[in-house]
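The values are calculated or read from the model by the stated rules, or taken from the named source; none is laboratory data. Because the structure is predicted, anything quoted here is derived from the model rather than measured. When we count neighbours, we look across all protein chains shown, and the Cβ atoms used for this are built from the backbone with ideal geometry, even at glycine. Side chains included, ligands, DNA and RNA excluded: accessible areas come from the protein's heavy atoms. Shrake-Rupley method; radii C 1.70, N 1.55, O 1.52, S 1.80 Å.
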Amino acid sequence: MLDSIRDSGVFSKAIASLTIAFLLLPLMVVIPISFGTSSLMTFPPHEYSLRWYRELVDDSRWLSAALTSLQLGITVAFASTVLATMTAIGLFRYRGPGKAALQALVLSPLVVPVIVIGVALFYLFSLLGMTGSMNALVCAHTLLTFPYGVVVINAALERFDTRLEQAAMSLGANPFGTLWRVTLPIIRPSIVVAAVFAFLISFDEVVMALLLSGPTTLTIPKQMWDGIRFDLTPVIAAVSTVLLVFSSALVAFAEALRRRTQGNTR
Amino acid sequence: MTYQTTQASSRRRSATLKLVNLRKQFGDIVAIDDVSLDVVAGEFVTLLGASGSGKSTTLMAVAGFVEATSGQVLINGEDQNLQPPYKRDIGLVFQHYALFPHLSVEKNVAFPLETRRLPKAQIGERVKRVLALVRLGNLGARKPSELSGGQQQRVALARALVYEPSILLLDEPLGALDKSLREEMQWEIRRIQQTLAITTVAVTHDQHEAITMSDRIAIMRNGRIEQIGTPADIYERPRTRYIAEFMGSSNFLRGKVETTPDGRRLRVALHTAVPLVPRAGAIADDSMDLVIRPERVRCVPGTQDGDGLVGAISGVTYVGEAWQIAVKLDSGEVLTASHANHGEVAFAPGDRVAIDLGTHPWWAVPLES
């Protein structure tokens, strides 16, 4: 990719630079603010300190929000990836009528606006008396992240050589053994990537959290939202910076995994 | 070596394979059209044919990956139609090997033993033995992607043999290898097959491969077996012109069958009568095509004219081990002769030559309808 940037003309270089700047500029503002001293969000800060990070650590609400988000993210990553793997394999093998319709149905949460799903779920969970519970958030986030997982794992299956499954069966492995010992291990890197993305999406999801979380299930994004509305201090910037580092590390891990396995199979 | 025990147990296990009126239709397309075949225990039979002849579909029907529309696959007399692939006792080597990329060579070979839940110690022992058999003893820890094509081929073979299946199936086993390696592996596969005396069915489109490896060859065309016989049968006595052409380059001289007291002859160009090998279907006054392999044609120099097969050389091509000499007969046909390369060629374009077909009888095929 770097090569293609280098080879291309001035115009495309300019476009690329502007795009990157557009993506990075907000961070260039938020990160310095988080290291400032003033309790007003001033940019650039006059002095630098770790004051807001100290306040962040001292405030137990942020810690409990972080734990909630982690617990939620991990549960969602697990549930969503298991469902997505089974769905992707099922859809990949299905050869009957209505395959396109099924695929569209599976991917529909990507198309329907999140707020619509959120409101619908809010009414549903109200009827069931589930609003504010962890289960409600897990269901909602699983619904949101599941289509991404299906897409990622389906892409791996498209590259997968199905003759390997025939080989396994000719060697005496039954369908379950074939799945467990050949198919899943070979697409495992994509399954991990799907899980990482499900976690990340859940971890910074705000719409569902606004509608469905209760006092005991405040997630970090919801806590940030409340902070911005009621008590705007540079702690928010500090939280943002921490989240940024954390998410980047996870994405880097997923990317490294993807590259390593591609190097192996090519 | 230590594979004597393998050998003994395989002899005992080696199975017969019988196809009875096997038929497979995909919609309107008939892929296998009433194929019957008997393979005796320990025999190596090759299905030879062009692409689309039904040979691979037949093999996959034996393996259980293609469900026959009608007919039966019998292994040791037992009907396999309701058996899924993993319950048929077969070893299958795929054209592109289909080695598991995430497992080492040893783990690939151990796979069928692990699915059969053999004790660990026994698995290690058998993997070692079979890797020695295919001469890969020292590469067990490598990943398939770190092996050459020929080595991957050996791993695939080892993996298909390690659990001592009663039948070995080879799908274009050498198709992905380059030429020199193919020849080496032909001998290698034959050696291993005979060591284990395992009943083997291979599929190939390469007649040379079929001739060198097989006990018998079944030529397939349009989903049918057109002829089955030993390699010499098929090469020397092809039933049809299609088979004669498929089995290697060939000259055809058309003529009419005559009956004489000492047998039948075929009268070809300019009064030459060639004795025929007796065969069914050679009826007096019928037209037939004489099959003349280039390596059996002798050009005799210095002939001016006269009766018989005489003509002028129209081209000489050097192909390394031989000279290909094209002769335009005075009767109009062109014959290709292949003279083994003994150091020099005595012919040049334009030379007058006679074709010496000797006195032994020749083979003729019916005209292609």
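List of remarks:
- Subtracting the Cα-Cα distance of A:LEU184 and A:ALA14 from their residue separation scaled by 0.36 nm leaves 56.9 nm.
- Solvent-accessible surface (1.4 Å probe) assigned to B:GLU321 amounts to roughly 140 Å².
- When chain B is described by a simple charge dipole with +1 on each Lys and Arg Cβ and -1 on each Asp and Glu Cβ, the residue from B:GLY311, B:VAL334, B:GLN207 located farthest towards its positive end is B:GLN207.
- Straight-distance crosslink candidates among lysines, where the alpha carbon sits under 23 Å from B:LYS87 and sequence neighbours closer than 8 are dropped: B:LYS18, B:LYS24, B:LYS55, B:LYS107, B:LYS120
- Taking all protein chains together and a 1.4 Å probe, the residues B:LYS120, B:LYS143, B:LYS179, B:LYS256 rank B:LYS120, B:LYS179, B:LYS256, B:LYS143 from largest to smallest accessible area.
- Per residue, the protein assembly as shown exposes an accessible area of 50 Å² to a 1.4 Å probe, with every protein chain left in place.
- For region B:195-330, the Cβ-based charge dipole about the Cα centre amounts to some 260 debye (Lys, Arg positive; Asp, Glu negative; other atoms uncharged).
- Overall form of region B:48-179 per C-alpha gyration tensor (a/c, 1.5; a/b vs b/c): oblate
- Mean-position separation - Cα centroids, region A:49-95 and region B:41-113, in angstrom: 46
- Contact order relative to length of region A:59-264, as percent, for alpha carbon pairs under 8 angstrom and 6 or more apart: 34
- Share of carbon and sulfur in the accessible heavy-atom surface of the protein assembly as shown [1.4 Å probe, %]: 60
- Dividing the summed helix terms, -39500 (n - 2.57) for each DSSP H run of n ≥ 4, by the number of residues in chain A produces a 222 nm estimate of -26000 deg cm²/dmol to the nearest 500.
- Chain B: relative contact order in percent, alpha carbon pairs under 8 Å with at least 6 residues between: 16
- Cβ-derived FRET efficiency at R0 25 Å, A:VAL206 paired with A:TYR123, nearest 0.05: 0.80
- Most fluctuating residue given options B:VAL162, B:VAL297, B:VAL105, as computed from a GNM of chain B linking Cα atoms under 10 Å: B:VAL297
- Residue-count net charge about B:ARG216 - beta-carbon cut-off 15 Å; Lys, Arg +1, Asp, Glu -1: -2
- Global geometry of chain B, whether rounded, prolate or oblate, following the gyration tensor of its Cα atoms and the 1.5 cut on a/c: prolate
- Antiparallel DSSP beta bridges within the protein assembly as shown, percent to nearest 5: 75
- Taking a point 7 Å out from the Cα of B:SER51 in the direction of its Cβ, the residues of region B:89-133 whose backbone N falls within less than 15 Å of it are B:95-96.
- Global geometry of chain A, whether rounded, prolate or oblate, following the gyration tensor of its Cα atoms and the 1.5 cut on a/c: oblate
- Largest GNM mean-square fluctuation across B:ASP171, B:ASP33, B:ASP262, computed for chain B with C-alpha springs under 10 Å, falls on B:ASP262.
- For region B:277-349 and region B:203-243, distance of Cα centres in Å: 24
- When the charge dipole of region A:53-157 is built from unit charges on Cβ atoms (+1 for Lys and Arg, -1 for Asp and Glu) and taken about the Cα centre, the candidate among A:ALA84, A:ALA140, A:VAL114 whose Cα reaches farthest toward its positive end is A:ALA84.
- If you take the Cα centroid of region B:117-160 and the Cα centroid of region A:153-200, the two points sit 23 Å apart.
- FRET efficiency estimate (nearest 0.05) - Cβ-Cβ, A:VAL112 to B:SER249, R0 51 angstrom: 0.15
- Partner aspartates and glutamates whose Cα lies under 19 Å from the Cα of B:LYS328, excluding those fewer than 8 positions away in the same chain, are identified as B:ASP289, B:GLU295, B:ASP305, B:ASP307, B:ASP351, B:ASP356.
- Cα-centred dipole magnitude for the protein assembly as shown, charges only on beta-carbon of K, R (+1) and D, E (-1), debye, nearest 20: 1480
- When only the Cβ of Lys, Arg, Asp and Glu is charged (+1, +1, -1, -1), the dipole of region B:84-150 relative to its Cα centre reaches about 180 debye.
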